[in-house]
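K.L.:
Could you have a look at this structure, given as structure tokens, before my questions?
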Amino acid sequence: MNITRTLTNSPKQKPEGTFGFGKIFTDHMFIMDYDVENGWHDARIVPYGNISLSPASMVFHYGQEMFEGMKAYKTADGRILLFRPEKNIERMNNTNARMCIPYVDPNDALQAIEELVKVDSDWIPTQPGTSLYIRPFIIATDPFLGVHPSHTYKFIIILSPSGSYYAGGLAPVKICVEDEYVRAVKGGTGFAKVGGNYAASLIGQDNAEKKGYAQVLWLDGIEHKYIDEVGAMNVFFVIGDTVVTPKLEGNILPGVTRDSVVIYLKAKGYKVEERRISIDEVYEAGRSGELKEMFGTGTAAVISPVGLLDWHGKKLEINGGKIGKISQMLYDEITGIQFGKKKDEFEWTHEIKK
Ligand SMILES: *Cc1c(COP(=O)(O)O)cnc(C)c1O
């Protein structure tokens, strides 16, 4: 794929100190267009800036869109690494298929990510724990108010320097179990990375925050009994000597971090079960003392230990509200691989060659 380049004449000031997440964007972005006659075409890297769309663009009305999230890491010796980018690209096309968005050639998607990251490589922060967040997304752009798949799309990639999630060390979060609203149902879009899932989740998230909780734990949409996932993270429980995580059955997002944790633990001889796990089982294991740890997994936090659950007022403290051994070990090992500090025995990292 040929990607044309128009570089900015007015580079921005790069952030210093702590810069949080998702608020600052780099100097450039990638765009390509889709129409029925030409397929994906006109791939270009251009200065970061506003885009112009018809107010009738279908994405604004019916939410036909998808997104991905991954990171670029700078190693101590200055190399640039991606973490399993082929998994994100594969998931992107699974989401596309569900959303009637046209397939993107995986090689083209990877090339677009690599070239854009290279153009803005000076934006990859180097303080411990920091990285460059990569947000590819596709929006439906037909100016049309009827409900059917759009005939035109834009595939855009933007980049955002991302601060260390855990400036003060891995801190366990408090989580509220949602028992009124649901995030996904069988046959729905739970496995797809789409804005609509998040739009539907805002009310639960908002209620949880008002009660002082960081995130919501979603239960299945049919029985309100089995655990799906947390906000933007998959979840794991350490029960006795077994690590348990909900099975991929179409409800939950197949996280790259989730997959990496499962592979890592199995390779190291841990007992891992991917199966349905009910909220009753978790509370029962909490009462009997078998529940050792709970943690979320996702690109942003990597591992997020959970210190407390609240299920309609019933509070369950986990591991004394402190970070568990497996959570800490996984955080150290996976971030070690991502930042090129530990041996990449699973061949997960992908270097962007200068
Ligand atoms: C992106 C996402 C995750 C985590 O996936 P990773 O690939 O590990 O970043 C989990 N749940 C939801 C709902 C997500 O959107």
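K.L.:
Which of the residues spanning region 166-196 are surrounded by fewer than 19 Cβ atoms within 10 Å (Cβ to Cβ) and within 12 Å of the ligand (Cβ to nearest atom)?
P.N.:
GLY195, GLY196
K.L.:
What pairs come up if the first residue lies in region 87-100 and is free of Cβ contacts under 8 Å to residues at least 60 places away in the same chain, the second is near the ligand (Cβ under 10 Å from one of its atoms) and among the hydrophobic types (A, V, I, L, M, F, W, C), and their beta carbons are under 9 Å apart, counting only those six or more places apart or on different chains?
P.N.:
Pairs found: ASN96/ALA192; ALA97/ALA192.
K.L.:
If you check PHE67 against the conditions, is it at pLDDT 95 or above, in the same structural domain as ILE139 (by TED's automatic domain parsing) and under 30 Å from HIS148 (Cα atoms)?
P.N.:
Values: at pLDDT 95 or above: yes; in the same structural domain as ILE139 (by TED's automatic domain parsing): yes; under 30 Å from HIS148 (Cα atoms): yes.
When the stated conditions are applied, PHE67 passes them.
K.L.:
Within 12 Å of the ligand (Cβ to nearest atom), farther than 27 Å from GLY321 by Cα and not assigned by TED's automatic domain parsing to the domain that holds ASP310 - does that describe any residue in region 142-162?
P.N.:
Of the residues in region 142-162, the ones within 12 Å of the ligand (Cβ to nearest atom) are none.
There is no residue in region 142-162 that is within 12 Å of the ligand (Cβ to nearest atom), farther than 27 Å from GLY321 by Cα and not assigned by TED's automatic domain parsing to the domain that holds ASP310.
Every residue, every condition in (1) in the same structural domain as PRO106 (by TED's automatic domain parsing); (2) of a type in the set (A, V, I, L, M); (3) exposed (fewer than 14 other Cβ atoms within 10 Å of the Cβ); (4) in contact with a His (Cβ under 8 Å, 6 or more places away or on another chain), yes or no:
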position: LYS12; (1), (2), (3), (4): yes, no, yes, no
position: GLY17; (1), (2), (3), (4): yes, no, yes, no
position: ASP35; (1), (2), (3), (4): yes, no, no, yes
position: ALA56; (1), (2), (3), (4): yes, yes, yes, no
position: PHE60; (1), (2), (3), (4): yes, no, no, no
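K.L.:
For region 52-105, give me every one of the strands (runs of 3 or more DSSP E) that falls completely inside it and has 1 or more residues that are within 30 Å of ASP122 (Cα to Cα), more than 16 Å from the ligand (Cβ to nearest atom) and of a type in the set (A, V, I, L, M, F, W, C). If you could, list the steps in order and put the result at the bottom.
P.N.:
Working: elements: 65-67, 70-74, 80-83.
Because the criterion is at least 1 residues that are within 30 Å of ASP122 (Cα to Cα), more than 16 Å from the ligand (Cβ to nearest atom) and of a type in the set (A, V, I, L, M, F, W, C), the strands (runs of 3 or more DSSP E) in region 52-105 that meet it are 80-83.
K.L.:
In this structure, is GLU114 of a type in the set (D, E, K, R), more than 16 Å from the ligand (Cβ to nearest atom), touching a residue at least 24 places away in the same chain (Cβ under 8 Å) and crowded, with 16+ Cβ neighbours inside 10 Å? Break it down stepwise before answering.
P.N.:
Numbers: of a type in the set (D, E, K, R): yes; more than 16 Å from the ligand (Cβ to nearest atom): yes; touching a residue at least 24 places away in the same chain (Cβ under 8 Å): yes; crowded, with 16+ Cβ neighbours inside 10 Å: yes.
Spelling it out, GLU114 is indeed of a type in the set (D, E, K, R), more than 16 Å from the ligand (Cβ to nearest atom), touching a residue at least 24 places away in the same chain (Cβ under 8 Å) and crowded, with 16+ Cβ neighbours inside 10 Å.
K.L.:
Right, next: Only one of (1) closer than 27 Å to THR8 by Cα; (2) modelled with pLDDT of 95 or more fails for GLN127. Which number is that?
P.N.:
Status for GLN127: all satisfied but (2).
K.L.:
For region 243-262, which residues satisfy the criterion of being more than 10 Å from the chain's Cα centre (by Cα) and either touching a residue at least 40 places away in the same chain (Cβ under 8 Å) or within 7 Å of the ligand (Cβ to nearest atom) (or both)?
P.N.:
If we filter region 243-262 for residues that are more than 10 Å from the chain's Cα centre (by Cα), which is where we start, we get 243-252, 258-262.
Across region 243-262, the qualifying residues are VAL243, LEU248, GLU249, GLY250, ASN251, ILE252, ARG258, ASP259, SER260, VAL261.
K.L.:
Name the residues in region 212-239 that are within 13 Å of the ligand (Cβ to nearest atom), in contact with a Cys (Cβ under 9 Å, 6 or more places away or on another chain) and among the hydrophobic types (A, V, I, L, M, F, W, C), would you?
P.N.:
At the first step, the residues of region 212-239 found to be within 13 Å of the ligand (Cβ to nearest atom) are 215-218, 227-236.
Filter again for in contact with a Cys (Cβ under 9 Å, 6 or more places away or on another chain), leaving 215-217.
Answer for region 212-239, where residues must be within 13 Å of the ligand (Cβ to nearest atom), in contact with a Cys (Cβ under 9 Å, 6 or more places away or on another chain) and among the hydrophobic types (A, V, I, L, M, F, W, C): VAL216, LEU217.
The values are calculated or read from the model by the stated rules, or taken from the named source; none is laboratory data. Because the structure is a prediction, the values reported are computed rather than measured. Methodologically, a virtual Cβ is constructed for each residue, glycine included, from the backbone with ideal geometry; neighbour enumeration extends over all protein chains shown.
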